[in-house]
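Every read-out reported here was derived from the displayed coordinates using simple, explicitly stated rules and does not represent laboratory data. Quick caveat, the model's predicted, so the values are computed rather than measured. No Cβ is skipped: glycine too gets one built from the backbone with ideal geometry, and neighbour counts run over all protein chains shown.
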Amino acid sequence: MAYSFPKNRYDKMKYKRCGNSGLQLPAISLGLWHNFGGVDTFEKGREIVRFAFSQGITHFDLANNYGPPPGSAEENFGRILKKDFGGYLRDELLISSKAGYRMWRGPYGEWGSRKYLLSSLDQSLRRMEIDYVDIFYSHRPDPDTPLEETMGALASAVQQGKALYVGISNYGAAEAARAIQILKDLGTPCLIHQPKYSMLERWVEGGLLDILEENGVGCIPFSPLAQGMLTDRYLKGVPEESRAAKSHGFLQKEELTPARLDTIKQLNVLAQSRNQSLSQMAISWLMKDKRITSVLVGVSSVEQLKTNLGAIHHAEFTQDELTHIEKLLAK
Ligand SMILES: NC(=O)c1ccc[n+]([C@@H]2O[C@H](COP(=O)([O-])OP(=O)(O)OC[C@H]3O[C@@H](n4cnc5c(N)ncnc54)[C@H](OP(=O)(O)O)[C@@H]3O)[C@@H](O)[C@H]2O)c1
């Protein structure tokens, strides 16, 4: 029997149009990169997904290689869909997947060829046991494959009915502009770009965001909390269960330098003065920019997600606060 989600689940969430498209995304989306793989506790991930949807988070972001092991996050998500969403809620969900990083052995198991992208999408659909994804991404640009081929594969995914929309991720500003134009020419507009963007990683401000705005393409920043550094997680050391402590976690302890920890502590003090947690302030800080469609967070518990959702209704900053943040980040 499907899980009983509250009827008022859409009331508290804000939804925002993705670029010039007809699609609206929740202000906060949930990513399944960490904490939903075969090495993790299935029931814990299931509880997080249930809670997310019950709070109006309609968008769940995956990729072929999420796990570990690669593919296991899609398998687990497929099991959750079956157990809790009972098929009929598929129309209320936005599910994305990607291909670009190493997924299987040999010359067709990564990067941006048509062969790899379309085979990988078929595999993702089988793992999740769904007929289509809502958004299919090229996960990274491939320097050795013509961009026309990679974008052509995305357009084919839509023509084949296996994806409703397409996106690009980790594309630099100039590459993104070219990809967007090619997709436009193919009659399959680029819906969205998924770049790394947080208070600690701001390359997108150097041109990409303007290109997206000019072309009516949405933006969904990943690792908005810098994998947990922009939270209270590491204020008193590295907890045992944290991403930085896990052997398969992508956050390296070395990134927590004394200078960075000092900045984080000062940002935390500022967040407190705004009556926010640091994670909430980091998310609000991204949301204040109208070019940002949705903020793509990761969490390892329902509690963390509950906290992060608190950011939605507090995205305003005074000029003094913004100047203060710039000063702290420039140190
Ligand atoms: N396109 C790409 O190339 C790409 C790359 C990376 C990620 N992504 C996508 O972006 C999503 C988010 O990335 P991310 O997981 O790196 O995002 P993130 O939101 O920057 O970091 C998530 C981590 O922060 C910690 N955290 C979150 N909320 C917290 C809170 N309230 N208090 C304390 N700690 C908190 C948790 O760490 P602990 O686990 O230590 O509790 C959590 O696992 C991914 O799941 C994936 O969908 C895409």
Looking only at the range 119-143, count every residue that is free of Cβ contacts under 8 Å to residues at least 40 places away in the same chain and closer than 23 Å to HIS59 by Cα and tell me the total. 5
LEU286 fails exactly one of the following numbered conditions: (1) within 15 Å of the ligand (Cβ to nearest atom); (2) free of Cβ contacts under 8 Å to residues at least 60 places away in the same chain. What is the number of that condition? (2)
Being of a type outside the set (Asp, Glu) and within 12 Å of the ligand (Cβ to nearest atom): is that true of GLY71 here? no
If I go through the range 305-331 residue by residue, how many of them are touching a residue at least 60 places away in the same chain (Cβ under 8 Å) and near the ligand (Cβ under 9 Å from one of its atoms)? 3
In the range 289-304, residue nearest to LYS44 (Cα to Cα) [restricted to those that are under 11 Å from the mean Cα position of the chain (by Cα) and within 6 Å of the ligand (Cβ to nearest atom)]: GLY298
Among the listed residues ILE57, ILE135, which satisfies the condition of being within 15 Å of the ligand (Cβ to nearest atom) and within 22 Å of TYR171 (Cβ to Cβ)? ILE135
If we only count strands (runs of 3 or more DSSP E) wholly inside the range 1-98, which ones have 3 or more residues that are in contact (Cβ under 8 Å) with a residue 60 or more places away in the chain? 28-31
(1) within 20 Å of TRP33 (Cα to Cα); (2) within 16 Å of the ligand (Cβ to nearest atom); (3) more than 19 Å from the chain's Cα centre (by Cα): which one isn't true of GLN123, the others all being true? (2)
Go over the candidates PRO189, PRO195, PRO221 one by one and state the one that is surrounded by 14 or more Cβ atoms within 10 Å (Cβ to Cβ), under 17 Å from the mean Cα position of the chain (by Cα) and either within 26 Å of GLN159 (Cα to Cα) or polar (S, T, N, Q) (or both). PRO195
Among all residue pairs at least 6 apart or on different chains, which show Cβ distances below 8 Å where the first residue, located in the range 150-169, is farther than 20 Å from ARG127 by Cβ and the second is in a loop (DSSP other than H, G, I, E, B) and acidic (Asp, Glu)? THR150/ASP142
For the range 170-218 the number of residues that are within 13 Å of the ligand (Cβ to nearest atom) and of a type in the set (Asp, Glu) is 1
Restricting to the range 224-250, name every residue that is more than 8 Å from the ligand (Cβ to nearest atom), touching a residue at least 24 places away in the same chain (Cβ under 8 Å) and over 28 Å from ASP289 (Cβ atoms). HIS248
Return the residues of the range 311-326 that are surrounded by 10 or more Cβ atoms within 10 Å (Cβ to Cβ) and either among the polar types (S, T, N, Q) or in a loop (DSSP other than H, G, I, E, B) (or both); say none if nothing qualifies. ALA311, ILE312, HIS313, HIS314, ALA315, GLU316, PHE317, THR323
Run SER21 past the list (1) crowded, with 22+ Cβ neighbours inside 10 Å; (2) farther than 15 Å from SER300 by Cα and report the number of the one that doesn't hold. (1)
